[in-house]
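Notes for the one structure printed next.
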Amino acid sequence: MDTMDAQVTLLRITYSPEIVNSEAIYVSSNSLPVKAVNFEPAGHSFHTAALKALGLDEEEDADTDDQSVLSDDKGHSYMPSSGYSSKGKKKSGNEDNQQDHYALLGLGHLRFLATEEQIRKSYRETALKHHPDKQAALLLAEETEEAKQAKKDEIEAHFKSIQEAYEVLIDPVKRRIYDSTDEFDDEIPTDCAPQDFFKVFGPVFLRNGRWSVTQPVLSLGDDNSSLAEVDSFYDFWYYFKSWREFPHADEFDLEQAESRDHKRWMERQNAKLREKARREEYVRIRSLVDNAYKKDPRILRRKEEEKAEKQRKKDAKILAKKRQEEEAAKAVEEEKRKKEEEEKRAAEAALNQKKLKEKEKKLLRKERTRLRSLSSSIVSKKVLGVSGDDVETLCMSLETEKLRSLCDELEKTGEDNERAEILKSALRGDDEKKQPNGSVQNGAMPPPAKPENTLSGYEKKERPWDKEEIEMLRKGMQKYPKGTSRRWEVISEYIGTGRSVEEILKATKTVLLQKPDSSKAFDSFLEKRKPAPVISSPLTTRQDREVENGTTPTLTENVPNSGPDVASSSTEDVWSAVQERALIQALKTFPKETAQRWERVAAAVPGKTVNQCKKKFTVMKESFRSQKST
């Protein structure tokens, strides 16, 4: 102690101003400072420098003299610690010299499969057998004291190894670390024959199953295993969790750390290396499972079946699509064929109708020519005042049958006076048919109008187009555009005035293309203007009542005490044969459920209003009922 005090009083070490503010520090041999103002020097470098300063560092390595004095940024020099680097000392222990704990306890045949009870039992037996007190007889066999001492040390070292093996294997954490460093075959098979799959990969999965956290490990099975078992096996190994540790991956020895920060740095580095080893282990297990999945004959058979099923569904889909296309094409062909047949029938009907019309026109012209030739002498002599206009009136008003009967009657008589009387009577008969309200004498229903094809070609050709017909034609062309089947026949029915297809085609090229006359703009304005409300008079009321009762007033009843207004009103109610046929055709074209029916009917009947059409329809209905009842 006196020597230590003397050394303390004699020796001083001066350090950097940053440490002690350039003040002296008294130290002892154990490197504990006696006096420190701000900081307390510590560490291996301080310890080594203190020992050298005291002269107590007598043993130096051969390479110590070769080390140069290091300096920091401030220019101060210091001596690095011997046997220590900035990163720490790498572990130099040889893992091959590590003792086999299982073999020391006699469990080499079981190793990681040994249970805790087996470890305890084997340790008791081994410790009792190799206890130093039980090995005293071996010391007597040695001759010299040195040999006896060496044998004793060997026996004690062996017994300590047994105790160390027991301490490691009985602790679960230490045993896991030891088992992780135990010898293990990490080889992964890459290829094999299909018939050798289970022989090659079965033992590999069984060997690697020892690292599984989940126990027991599913087996690979055989070729007869179900697909559910196979899927469960691969699901287990694809989500495999290993408890394997990698302490041999540590590069730095924590006991060589200079400070706590250095030690933590070493721990982080070792943790990174262990994590890298774990990733490599995961990749190894994953490659094992992938190789087995690619070579598994059960998986290959299922893939072939799925591929065949997919191809079968694809073929069935293509076949169904092809069949559907064929059916659609057949339906289109059938529709086309039906359409062609309908068009053919329509063309034949139109042709027949055209021939019939031509024949009727020819007959009508023939009878008219015949009537003109028979009445030429009468017209030239003006017998009984018969003129050419009267003959033309008969030609235009009478039909083919009546013209034929009239001509036959004229041929029977050879006298001009008799023929003139016959023509006069024919003219009177035609005029008597036309009454103010369009009714027939004796309350009889007018004979049904013949179809529109019985109209004379002269009327169809020469009859002018009125504004209502032109408007209906324009609307019909808009309503039935190009591409409509039998377009012009449909438009003819839509107009409802007996216009033929030839007349409509001619009107589209002439009437519709005419520009409106600006001189008649005011007249068209007056026509389109809404009519003023009509105040009914007792006379018109009486006439309407008579129409409703089915009685038709004659012209002679209305002539007395009547002015020009009454005469004009009676002439407005006169219906010609053309107007009656147009009304009947319009009523057929526009049934009851048609919107704005009477407006369309009135538009289809030239020169008649809605009220007049309604009245005419009422009269015709009452006449038909009375005729049916009689």
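Here, each number is a calculation from the coordinates, and none is a lab measurement. What you are looking at is a predicted structure, and each value in this text was computed from that prediction instead of being measured. Here Cβ is always computed from backbone atoms with ideal geometry, including for glycine, and neighbour counts include all displayed protein chains.
Things to note:
- For segment 115-239, fraction of C-alpha pairs farther apart than 25 Å, in %: 53
- Contact order normalised by residue count of segment 162-303, Cα under 8 Å, 6+ apart, percent: 30
- Placing dummy labels 7 Å off each Cα toward the beta-carbon, the span from GLU280 to SER425 is 13.7 nm.
- The string of couplings for segment 148-153 from the Karplus curve (6.51, -1.76, 1.60, θ = phi - 60°) is 4, 5, 5, 5, 5, 4 Hz, one whole number per residue in order, with x for Gly and Pro.
- Intensity falloff of segment 217-366 expressed as log10 I(q)/I(0), Debye formula with alpha-carbon point scatterers, at q = 0.10, 0.12, 0.16, 0.20 Å⁻¹: -0.74, -0.84, -1.01, -1.17
- Taking θ as phi - 60° and the Karplus parameters 6.51, -1.76 and 1.60, the scalar couplings of segment 415-422 work out to 7, 5, 5, 5, 5, 5, 4, 5 Hz in sequence order, x denoting glycine and proline.
- Projected onto planes of every orientation and averaged, the convex hull of the alpha-carbon atoms in segment 387-432 covers 3.0 nm².
- Relative to the current alpha-carbon distance between ASP186 and LYS355, full extension at 0.36 nm per residue lengthens the span by 50.4 nm.
- Estimated FRET transfer efficiency when R0 is 45 angstrom, pair LEU139-HIS109 (beta carbons, to 0.05): 0.90
- Segment 319-361: projected area of the alpha-carbon convex hull, averaged over directions, in nm²: 2.3
- From the C-alpha gyration tensor of segment 281-323, square roots of 5λ in Å: 37, 10, 4
- Relative contact order %, segment 208-367, counting alpha carbon pairs below 8 Å whose residues are six or more apart: 17
- Net length gained if the chain between ARG345 and LEU512 were fully extended (0.36 nm per residue, minus Cα distance): 57.0 nm
- Cβ-Cβ FRET estimate between GLU593 and LEU363, R0 fixed at 41 Å, reported to 0.05: 0.55
- The per residue volume of the convex hull around the alpha-carbon atoms of segment 145-193 is 130 Å³.
- Estimated FRET transfer efficiency when R0 is 41 angstrom, pair SER219-LYS160 (beta carbons, to 0.05): 0.45
- With both labels modelled 7 Å from their Cα along Cα-to-Cβ, the ARG124 to SER485 distance reads 10.8 nm.
- Inter-label distance, GLU580 to ALA320: 6.7 nm, where each label sits 7 Å from its Cα along the C-beta direction.
- Residues whose amide H falls under 5 Å from that of ASP253, counting only those 5 or more places apart or on a different chain, are LYS89, LYS91, with hydrogens built in the peptide plane.
- Whole-Hz Karplus values for segment 592-598 come out as 4, 6, 6, 5, 6, 5, 5 Hz, taken residue by residue from phi with 6.51 cos²θ - 1.76 cosθ + 1.60 and θ = phi - 60°; glycine and proline positions read x.
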